[in-house]
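Here, each number is a calculation from the coordinates, and none is a lab measurement. Source: prediction; values computed, not measured. Don't worry about glycine lacking a Cβ; one is built from the backbone with ideal geometry, like all the others, and counts go over all protein chains shown.
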Amino acid sequence: MALVPVFVVWLLVCSSSPVTSYPDGRVSEVCGSMVPHHGHHPQSKVIHNISVDKTVFNPGDKIKVTLSGSRFSGFFVQARNANNLDGDAVGSFSLIDPEVSQLLTCGGVPDSAVSQTNKRRKEQVEFYWIAPSAGPQHIQFLATIVEKYSIYWVKIPGPIISQSGFPLVSSKPQTPVPPALPSASFLTEGISSSGCGINKFCVRSPTSCDPRRELHCFFLSFRREDDSMLIEMSGAVKGYLSFALSHDQWMGDDDVYLCVINGQTVEISPAYNRGRTHPEVASPDILHDMAWRIENGILQCSFRRHLRIPDDKERFPLDASYYIFLADGDAEDGHIHRHQRQPLITSKMYNVTGSNEDVGGSRSPLLIKFHGAVMFVAWMTTVSIGVLVARFFKPVWPTFTLCGEKIWFQVHRILMVTTVLLTVLAFALPFLYRGHWSTRAGYHPYLGCVVLALAILQPIMAVFRPPPGSERRPLFNWAHWGTGTFARIVAVAAIFLGMDLQALDLPDPWDTYTMVGFVLWHVSIDIMLEVHSFLQQKGIEKMLEDEVEILNPSIAKDEGHTFKKIVLTVYICGNFAFLITFLAAINQL
């Protein structure tokens with residue numbers, strides 16, 4: 001059965017890929033502080049202005065608020081009691097242009113804040129503030145403005161407006177300028193693996209690599225010094241390098257540390273992951289002796305922190321056991337993007353203050369490895385051999401039986417039932433790992449559902465197949481062949497897409513070349529056997545073998561069967577060669 005259509009489906013499926021984006025302006029989690037989790041120091045010189053069209057209000061009045069100034073991409077505005085600027089938001093807002101701004105809920109009060117809907121640069125935005133029925137005497141507007149990720153202003157003070165009957169207040173109390181953040185120095189000496197397993201705990205990939213000599217070495221080390229820990233990171237990255245301490249092998253509720261390239265400098269800061277989202281960057285004031293260097297595309301960072309930080313629940317004590325993550329990705333203006341490949345994760349929990357060990361990790365979870373391996377065995381090995389046996393070996397074993405059935409049919413049935421069982425098992429493994437449907441796997445899981453449905457449909461059709469000679473038998477044969485062919489095409493397309501997923505990101509372009517090689521291998525064997533069968537049917541070989549058949553009529557037929565047996569043997573050996581290569585690559589992840 002030819003697999004030429006596989007290439008067409010594969011190209012069509014691979015030509016489209018889902019785009020993951022993050023919503024803008026949904027910043028309700030910073031309602032109280034109004035400080036974006038960017039990990040940078042806010043600007044002190046105010047260059048934006050907040051204006052209102054009224055300075056006196058009555059309950060229910062609508063006051064037009066205008067935010068203007070140098071071009072900005074993001075904003076966050078609230079109205080608060082002028083005598084308690086650290087209190088909750090007061091009143092509510094209504095929109096003038098819903099394409100530019102959106103309403104948020106702060107402190108349990110609906111529509112009590114307004115922010116941007118997109119990152120398009122703007123110089124002015126307008127909206128209405130609606131005075132509450134029972135509010136404070138004086139109201140002041142506060143705004144946080146973001147020009148870009150690393151440049152922003154926090155709580156820019158706006159005008160103070162007063163309820164009717166109360167004296168006007170013209171002063172604009174300024175928010176205090178936050179203290180300067182600690183700066184990082186240049187790392188004079190490169191990080192090396194010297195001392196790993198002896199006086200420091202190391203995580204590295206590939207195993208035993210040295211970041212001083214190998215460009216593609218991802219390295220993390222912990223060295224205890226009294227009540228503090230010296231931490232070093234190194235890796236070939238374009239944007240950022242980070243590690244996290246986690247109580248499980250899932251991203252979320254983790255103590256994170258970032259080393260981010262921002263222009264001509266590198267920013268080192270702690271962060272916290274509350275889920276599968278961007279980490280919330282915190283002030284780096286808990287870190288000491290921060291240093292960095294970039295050379296030949298290698299980013300290296302080092303810093304110290306105390307083993308325990310009692311007043312910070314997001315900073316885990318270092319004298320406990322955790323899974324260790326090591327991740328990298330792109331960054332723009334100091335803003336990190338979602339990593340494009342699975343983080344390196346240790347296989348078990350480690351206490352970095354305990355015995356000094358030298359460990360590696362995997363970028364692919366064990367269950368996902370099994371998923372890929374089992375699916376490859378099912379749809380690249382058992383089903384392929386089963387199809388060839390049914391298609392070309394009926395005349396080779398016409399009389400041999402096994403358990404009351406012809407041997408070719410029994411071999412075909414055993415291989416196909418095995419394929420169905422392996423498919424069901426492999427389909428369940430990602431759900432056992434994630435516990436839910438993956439929203440970031442693109443088209444791969446959808447194609448997997450189609451493959452599973454078709455795989456289960458095939459044996460059900462076979463159970464109700466009409467007997468040989470029935471007028472409905474040709475209809476079954478075409479339906480059985482068509483369903484099986486379509487299932488194999490979809491399975492190959494799903495495998496192509498699955499190889500590039502983060503959870504099983506095989507090395508490019510090796511994975512693609514291997515799969516294309518396998519498909520070409522199967523197509524060539526298929527074509528070879530089709531041509532051989534065609535020549536036999538048309539009698540072209542018989543014309544060349546007449547003299548032989550005069551002596552022994554069975555010799556020509558036996559030679560044809562021998563050729564098929566040799567081809568099948570070579571094909572099985574080739575299949576297992578591809579299978580071993582693929583499984584070896586998965587095992588290295």
Response to the item:
Projecting the Cα atoms of Cys301, Gly275, Leu258 onto the charge dipole of the range 254-316, where Lys and Arg contribute +1 and Asp and Glu -1 at Cβ, the residue farthest towards the positive end is Gly275
Discussion item. From zero outward in steps of 10 Å, how is the percent of C-alpha pairs of the chain spread across the bins?
Written reply: 3, 14, 18, 16, 15, 13, 9, 6, 3, 1, 1, 0, 0
Fill in: Charge dipole (the range 263-395, unit charges on Cβ, about Cα centre) - positive-most of Val383, Ala291, Phe316
Val383
Worksheet item: Of Lys369/Lys394; Lys64/Lys122; Lys148/Lys348; Lys148/Lys369; Lys64/Lys119, which ones are farther than 29 Å apart at the Cα?
Response: Lys369/Lys394; Lys148/Lys348; Lys148/Lys369
Response to the item:
Any aspartates and glutamates whose Cα falls less than 17 Å from that of Lys238, other than same-chain ones fewer than 8 residues away, would be Glu214, Glu267, Glu295, Asp328, Asp330, Glu332, Asp333
Discussion item. Given axes a ≥ b ≥ c from the Cα gyration tensor, I'd like to know whether the range 303-368 is rounded (a/c under 1.5), prolate (a/b larger than b/c) or oblate.
Written reply: oblate
Worksheet item: Under a point-charge model restricted to the Cβ atoms of Lys and Arg (+1) and Asp and Glu (-1), what is the dipole moment magnitude of the chain relative to its Cα centre, in debye to the nearest 20?
Response: 940
Worksheet item: Can you give me the relative contact order of the chain as a percent, contacts being Cα pairs under 8 Å and 6 or more apart?
Response: 11
Worksheet item: Which chymotrypsin sites (Phe, Trp or Tyr not before Pro) does the range 377-430 hold that lie in a coil by DSSP with at most 14 other beta carbons within 10 Å?
Response: Phe400
